[in-house]
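Q: First the structure, then my questions, so here it is.
The values are calculated or read from the model by the stated rules, or taken from the named source; none is laboratory data. Please read these numbers as outputs of a predicted model, since none were measured by experiment. FYI the Cβ positions are ideal-geometry reconstructions off the backbone, even for glycines, and counts take in every protein chain you see. We work out accessible area using only protein heavy atoms, side chains counted, and drop any ligands, DNA or RNA first. Shrake-Rupley method; radii C 1.70, N 1.55, O 1.52, S 1.80 Å.
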Amino acid sequence: MFNSLKNLRSLFIDYAIVEDLSFLRSETLQNSLVDVTLDVKQSVDMKYFEGYSKLKFIYVDEYKPYENLTAIICNSRRNNCKITLGINGIKCPAKCEFPIIGNTSLNFRGGHLETLPRNTLSEYNAIKKLDVSQNRLTSLRIDWLPQSLNSLDISNNGIQTLEKDVIEFIASVDEFKQTGNRWIVNCDDQLMLHFLGNISRRGKDPVFLHHLNESCPDGCLCCFNRSTYNFMIDCRNTEMESYPLLLHSIHYNASLHLETNRIFRIRHSLGHDSLRELYLLENKIKEFPINLIPKNLTHLDLRINLLEVLDDQVIDFFRDREGSVKRKIELSGNPWNCECRSKSFLEFLRLKEPQEYNAVLKRCNIVLSGTCPQACICCLGNSTLPSLIIDCRFKGLKAIPPLPTPLFGQSNLYFEGNYLEALPPNSLPGYANVGHLYLADNRLTTIEELPENITTLDIRNNSISVLNRQMQDYFHHRIAASTRLKLFLHGNPWACTCENLDFLHFVKTQSPYIENVTDLDCGDMTKLLIATDGIDLCPSGLVHYVTVAMSLMLVVSTINLAIYFKQPLLIWLYEHNVLMSLASQRELDSLKKFDAFLSFTHKDEALIEEFVDRLESGSHCFRLCFYLRDWLVGESIPLCISQSVNDSRRTIILMTNNFLKSTWGRLEFRIALHAIIQDRCKRLIVVLYPEVQSFDDLDSELRTYMVMNTYLRRDDPNFWNKLMYAMPHSKVRREPDGETIELSVLNGNA
């Protein structure tokens, strides 16, 4: 049928059912046909067209592919074409050549392409529209792009970067689609930043970023800093009102810049949780709870917002710790609350930004003059009437520092748990304005002067034995002026003597103003101070004279018995450690270097400070020996222990659970005990701490000593007085004959 049609160029078979397509093997058609349209109802095997030398286009809807075909295969609507081999016989797309007819669009969508044809091939540069979406391209070269191109679609490939010449070329293309690629944008690549920024601003084709795994937030700039290995999301000065929602975790050191916007609330997201740095300068943030702080955050800028306080958990997160990650937080310019309910935050603020803390106090308008002491925290009291609170508790202070003067009312000074030994004069700045003075757990021994208008005085757990007449008159005056006076006096070794009968009278008459008055103990008696009668302290005249007479008779009888039973009596007194001065013997104590050897385990080093302060710096100025200071490095430990015991007039054992478990502690105990046995002198002072419940950890010898002998209890309110009496007495001197009188040691707990 086709043998005579040697010049046939085009063949159209429309709406037909052709059972046998073998006619396509005609040599005449193979030599002449340029394009063929087969609108048939079955699949066409493309192998029929092998050998067609001039064939350029095959239009067919259903076909069986054949890889050695050079023609372009398009569907019947001619809008989807595929190429296997170019007309030069080379497989596409690398270097194949194919025919171009008119305003041509080339569609390589979904073809698993890894490269594109070079634009050096004939007629390729005439292509107007190129679609290479959904392929495997990882780069895009300038010599792959047709020079006449006005539309390019590279969507959903693996392309991450573009060279400068490619960017400049694409910028001249009318239509460009790129969504689905994950772009790497470096902060120093301004051309790429500008190029992708323009695409984002048009808003029709989302730009996905490799480091963010999504698009950069609207209006923001996102890039990767290659020198710091930090990914930056820059949304500064964008008038943003909502915190950006970052849907995916960021696996890099990410920083989010939101300075100078209108954001009032932080929103949780996976990307937010990944942040290392967050900058919120000059926004409208009112709260920042701990659950919204990224766990790996190292820098948080909250300056110039609307914050009034931060939770304790947030403060703890940013508090410096040894060995932990250093975190920085910037807080200035917020309307911070200066009330004492925010004391923990104010203490943190003073540590981090002292100038901001001073600005907070100034803004609250509670200080007339002066500054808050460096070691303390000043804040506004939470009571109905505003008051200045000065909190210096447990700061290791030995003196009350100059205080700020409140703008109105009185100030409250909390000074518990320090090392205060004496009160300052009222001339100390700010001290005269104190109305509530809390001094519990210090080292006071007397009260000489108080602020004029004191309302509350707490002197619990000090070493005060009496309030002198001047102080009693002061309190009488204050009670007459104010019924709100409160005194806290218990925990002191009050002296119950005839000389201090006026103090007993004061306590009983003013008991309504003394809190827990039934807890006041006599320091040298077992009964309560409030239950003590004057007759107990100062007997009547008759009773007094009878007592004196009986005492004289008893003394005379005792002297007679002592003369008669001199030797047995001296032995009994010596054995029972009573009136040791009567049992005169050679005394080596005067030649010893130290007054006491302080024995403790290294786990209890924190305990020795109070002993050093009380014993060496007190009125007696004892000389102590302890291993931290007085042992030579490199010496044998047992030798050092023995030498320290022998060189000391007393050995003080700090008996704690740590000491009971310490091998060296038990050795020191044993050496001291043997020294007692050898010298027949009670040199050992055992201080028992409340934590010790039994002596089961001691050897039988040491345990027997603890059971059979008394000791000083550390929790005894009169502990220090008893310890001082147990120490060597300064009045003992060497006798002319070279012998000294042994001073007995009060080594008991009662």
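Q: Where in the stretch 413-447 does the amide nitrogen come within less than 19 Å of the point 7 Å from the Cα of Thr405, taken along Cα to Cβ?
A: Within reach of a label on Thr405: 413, 424-436.
Q: For the stretch 196-326, give the percent of accessible area contributed by carbon and sulfur heavy atoms, probe 1.4 Å, rounded to a whole number.
A: Looking at the stretch 196-326 in its full context, I get 47 percent from C and S.
Q: Starting from the Cα of Lys6, draw a straight line to each of the aspartates and glutamates and keep only those under 19 Å, dropping any in the same chain fewer than 8 residues away.
A: In chain and number order, the partners are Glu27, Asp35, Glu50.
Q: Give the aspartates and glutamates whose C-alpha is closer than 16 Å to that of Lys204, dropping any in the same chain fewer than 8 places away, or say none.
A: In chain and number order, the partners are Asp153, Asp174, Glu175, Glu214, Asp218.
Q: Can I ask one more? Take peptides 415-424, 324-333 and line them up by average Cβ neighbours within 10 Å, highest first, as a rough protection proxy.
A: Top to bottom by mean Cβ count within 10 Å: 415-424, 324-333.
Q: By a straight-distance test (C-alpha under 17 Å), which lysines pair with Lys603 as possible cross-link partners, with residues fewer than eight away in the same chain excluded?
A: Lys661
Q: Still on this model: Tell me the carbon and sulfur percent of the accessible area for the stretch 121-160, rounded to whole percent, probe radius 1.4 Å.
A: C and S atoms contribute 40 percent here.
Q: Pop the C-beta distance of Ser22 and Ala171 into the FRET formula with R0 = 45 Å and round what comes out to the nearest 0.05.
A: With R0 = 45 Å, the Cβ-Cβ based efficiency is 0.25.
Q: Whenever you get a sec, line up Trp631, Trp664, Trp144 from highest to lowest accessible area (probe 1.4 Å, protein heavy atoms).
A: Heavy-atom accessible area, descending, gives Trp664, Trp631, Trp144.
Q: Can you give the relative contact order of the stretch 358-498 as a percent, counting alpha carbon pairs under 8 Å and 6+ residues apart?
A: So the answer I get is 17 percent.
Q: Mind checking the full-extension length gain between Glu287 and Lys47? Use 0.36 nm per residue of separation minus the Cα-Cα distance, one decimal, nm.
A: 79.1 nm
Q: Also: With the crude spin-label approximation of a point 7 Å out along Cα→Cβ, what separation in nm comes out for Arg182 versus Phe2?
A: Result: 5.1 nm between the two label points.
Q: Something else about it: Would you mind telling me the share, in percent, of accessible area of the stretch 424-500 contributed by carbon and sulfur at probe 1.4 angstrom?
A: Solvent-exposed carbon and sulfur of the stretch 424-500 make up 48 percent of the total.
Q: Another one. Hey, rough spin-label estimate for Lys398 and Glu347, points 7 angstrom out along Cα→Cβ, what's it come to in nanometres?
A: 2.4
Q: Keeping all protein chains in the complex and leaving out DNA, RNA and ligands, what accessible area do you get for Thr663 with a 1.4 Å probe, in Å² to the nearest 10?
A: 100
Q: Assuming 0.36 nm per residue, please report the length gained on full extension of the stretch Asp473 to His248 beyond their Cα-Cα distance.
A: 73.5 nm
Q: How far apart, in nm, are two points set 7 Å out from the Cα along the Cα-to-Cβ line at Asp14 and at Thr371?
A: Result for the modelled spin labels: 9.8 nm.
Q: Moving on to the next point. Please go through the residue pairs Lys286/Lys328; Lys343/Lys395; Lys284/Lys328; Lys64/Lys128; Lys295/Lys395; Lys82/Lys177 and name each one whose alpha carbons sit more than 26 Å apart in this structure.
A: Checking Cα-Cα distances, Lys64/Lys128; Lys295/Lys395 exceed 26 Å.
Q: Then there's this: Hey, what does the equivalent ellipsoid look like for the stretch 178-249, semi-axes from the Cα gyration tensor as sqrt of 5 times each eigenvalue, largest first, whole Å?
A: Largest first, the stretch 178-249 gives 17, 15, 13 Å.
Q: Hey, another quick one. Please give the contour-minus-distance gain from Lys64 to Glu448: 0.36 nm per residue of separation, less the Cα-Cα distance, rounded to one decimal in nm.
A: Full-extension gain reported as 127.0 nm.
Q: Skipping prolines and chain starts, which residues have an amide H placed within reach, meaning under 5 Å, of the one on Arg650, given they are 5 or more residues away or on another chain?
A: Counting only residues 5 or more places away or on other chains, the set is Ala596, Phe597.
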